[in-house]
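The values are calculated or read from the model by the stated rules, or taken from the named source; none is laboratory data. The structure displayed is predicted, hence computed values, not measured ones. Ideal geometry is used to build each Cβ from the backbone, glycine not excepted, and the neighbour counts take in all protein chains shown.
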Amino acid sequence: MADDASTNPGLLRTQAYINGNWVDAVSGETFNVDNPANGDLIAELAYCGTDETTAAIEAAEAAQPAWAAKTPKERAKYLRDLFNIMMENQQELARILTLEQGKPLAEAMGEIAYGANYIEWFSEEAKRIYGEVLTQPTGEKRVMTIRQPVGVAALITPWNFPNAMLTRKIAPALAAGCTVVCKPASETPLSALAIAELCDRVGIPPGVVNIVVGNTREIGAELTSNPIVKKLSFTGSTGIGKMLTEQCASTLKRLSMELGGNAPFIIFEDADLDLAVKGVMASKFRNAGQTCVCTNRIMVHESVKDAFVEKLLVATNALRVGNGLDDGVDLGPLVSAKAKKTVDEFVDDAVAKGAKVHEGPATPNGACYSKPLVLTEATRDMRVFSEEIFGPVAPVFTFKTDEEAIQMANDTEFGLASYFYSKDVSRCWKVAEALEYGMVGINEGIISNEMAPFGGVKESGQGREGSHHGLDDYLEIKSLTFGAI
Ligand code: NAP
């Protein structure tokens, strides 16, 4: 593919996208992006740093007034065109995504549609940025509010959803009238650059969308310290999120933080066990367990544990693990050999503390492949209870009472996604209200779509993406007080 790129780049772009131009790093340096399924080189990319990031920020600043001055309907049209062209190129985008990230092609196709849905949604929401007329404080005054774009926004995204994590930020930012400088993950930058190529093709004006990749520290330092940048929206680990929050303090930027999770999946004694297994399979093993909303801790009422585990093992052993480009594969490799090593360490820790490992399906030997595993006899002193696994390992804990289940579920500094299964409406309300999480799946294992607000509480972050609330993160409220009425 690297050879193709030099003659006919198509959607596979290898340079930074700044002010509507494709540019090399000032230093001429490059870095490699490899395929986790086999270690093959996919492409060599421009290794950008401070200078290119400053240029991108200045381009975004110059473009912002004209972009904000466009009517909502005009901005909506650009976004609608972007949605259309993304769906027209769904297959090529999905192939690039699978090559750099590893997830099965069918899942990658799903991610492109999921990511494009945010663009479609915010193309519609762009026309619904309303102000208010408020109650008057005295007879001679009238107070109104208008909502205006925050300005230049920096967007930093992870490797697990290289397309959708970015569209979920670009779409509301552009709808609101902001311009953006994006820094995708170094392991999966090609999907982001492909989005820039599509922005270019639909005529989004130069400087409105800019993308830089390369020296992570330098790019991050510039994005978080440059006073032109008014907002940072970050998706990634809680540790890096906290560090970037500190870096933003000196210029007091607006922040949106979509951070790590530690999702409980509670199965009460009245749950439909087949439905619950279906939910676990979707929320645990999608993307080989590498999603922030992945089930991390399965908690089953002790009276149904054996029946549930039996069904879970049947479903887990039926998974097919392999190269994401091959037909019928359910799980691809993890994103890197380092990621696999981390998952192995979680399993070793659990086994040393008494967990029982159930043999999973056949798995290729490559450095990045991690075998889907169910662990029973899991206990709260194991790392799998308190840390994000980010791999296809499913630990099963047990509980005796609703109170114990809720206490266990909330016993974490994270608060992103949670799930529970029960047929009792009264219990459903009480448990949903008691869970300290930004999102709760009730008899449902897939909870993310463009119409539902996505985000966490506690150390899982702040702000919401998607839904009509997703625009709020990119808008300032201004109050207008009219006197002498
Ligand atoms: P990560 O290490 O925090 O990286 C995320 C992004 O931050 C990458 O683009 C990374 O760049 C960048 N980054 C790292 N150090 C930086 C620095 N000093 N300055 C600026 N940027 C920096 O997280 P990850 O391992 O890629 O992603 C997995 C994490 O993301 C998990 O914790 C998961 O739960 C979380 N996540 C959360 C959500 C959500 O919506 N809440 C969604 C998806 C994932 P490089 O790639 O260049 O290092």
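Okay, here's what the table says:
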{"item": "Identity of the residue in the range 390-419, more than 19 Å from Val440 (Cβ to Cβ) and touching a Pro at 6+ places or on another chain (Cβ under 8 Å), that ends up surrounded by the fewest Cβ atoms within 10 Å (Cβ to Cβ)", "result": "Val393"}
{"item": "Subset of the range 402-417 (residues that are farther than 23 Å from Ser448 by Cβ and small (Gly, Ala, Ser))", "result": "Ala405"}
{"item": "The range 135-151, subset part of a loop (DSSP other than H, G, I, E, B) and under 30 Å from the mean Cα position of the chain (by Cα), residue farthest from Thr481 (Cα to Cα)", "result": "Gly151"}
{"item": "Count of residues meeting criterion [at positive phi and in a loop (DSSP other than H, G, I, E, B)] in the range 449-483", "result": "4"}
{"item": "Among the residues listed as Arg383, Arg427, Arg464, the single one being more than 16 Å from the ligand (Cβ to nearest atom) and either surrounded by fewer than 23 Cβ atoms within 10 Å (Cβ to Cβ) or not aromatic (Phe, Trp, Tyr) (or both)", "result": "Arg427"}
{"item": "Qualifying residues in the range 202-257 (those that are free of Cβ contacts under 8 Å to residues at least 40 places away in the same chain, among the small types (Gly, Ala, Ser) and more than 9 Å from the ligand (Cβ to nearest atom)) - the one farthest from Phe390 (Cα to Cα)", "result": "Ser250"}
{"item": "Residue count, the range 112-159 (criterion: within 16 Å of the ligand (Cβ to nearest atom), farther than 30 Å from Glu58 by Cβ and of a type in the set (A, V, I, L, M))", "result": "0"}
{"item": "From Arg286, Arg297, residue being in a helix (DSSP H, G or I), within 15 Å of the ligand (Cβ to nearest atom) and closer than 28 Å to Ala362 by Cβ", "result": "Arg286"}
{"item": "Residue within the range 129-139 that is of a type in the set (Asp, Glu), at pLDDT 95 or above and exposed (fewer than 15 other Cβ atoms within 10 Å of the Cβ) present", "result": "yes"}
{"item": "Residue check for Lys305: more than 16 Å from the ligand (Cβ to nearest atom) and part of a helix (DSSP H, G or I)", "result": "yes"}
{"item": "Lys338 vs. criteria farther than 26 Å from Leu475 by Cβ, part of a helix (DSSP H, G or I) and within 16 Å of the ligand (Cβ to nearest atom)", "result": "yes"}
{"item": "Every residue from the range 35-45 that is touching an Asp or Glu at 6+ places or on another chain (Cβ under 9 Å), part of a strand (DSSP E or B) and crowded, with 16+ Cβ neighbours inside 10 Å", "result": "Ile42, Ala43"}
{"item": "Filtered residues of the range 16-32 (kept if surrounded by fewer than 21 Cβ atoms within 10 Å (Cβ to Cβ) and either touching a strand residue (DSSP E or B) at 6+ places or on another chain (Cβ under 6 Å) or touching a residue at least 60 places away in the same chain (Cβ under 8 Å) (or both))", "result": "Asn19, Gly20, Asn21, Val23, Asp24, Glu29, Thr30, Phe31, Asn32"}
{"item": "Filter result for Ala60 (of a type outside the set (Ser, Thr, Tyr) and either surrounded by fewer than 23 Cβ atoms within 10 Å (Cβ to Cβ) or outside any helix (DSSP H, G or I) (or both))", "result": "no"}
{"item": "Answer from Ala432, Ala409, Ala378 - the residue that is in contact with a strand residue (DSSP E or B) (Cβ under 8 Å, 6 or more places away or on another chain) and farther than 15 Å from Thr295 by Cα", "result": "Ala432"}
{"item": "Leading residue by the ranking (surrounded by the most Cβ atoms within 10 Å (Cβ to Cβ)) among those in the range 442-461 that are within 15 Å of the ligand (Cβ to nearest atom) and farther than 23 Å from Pro172 by Cβ", "result": "Glu459"}
{"item": "Odd one out for Glu310, checked against (1) surrounded by fewer than 20 Cβ atoms within 10 Å (Cβ to Cβ); (2) assigned to a strand (DSSP E or B)", "result": "(2)"}
{"item": "Flag for Ala405 being in contact with a Ser or Thr (Cβ under 8 Å, 6 or more places away or on another chain), not polar (S, T, N, Q) and not in a loop (DSSP other than H, G, I, E, B)", "result": "no"}
{"item": "Some residue of the range 251-267 being of a type in the set (Phe, Trp, Tyr) and within 30 Å of Lys311 (Cα to Cα)", "result": "yes"}
{"item": "Selected residue (only one of Lys141, Lys169 is closer than 17 Å to Met257 by Cα and charged (D, E, K, R))", "result": "Lys169"}
{"item": "Candidate set: the range 399-441, residues that are closer than 28 Å to Pro172 by Cα and of a type outside the set (A, V, I, L, M); chosen: the one farthest from the chain's Cα centre (by Cα)", "result": "Glu436"}
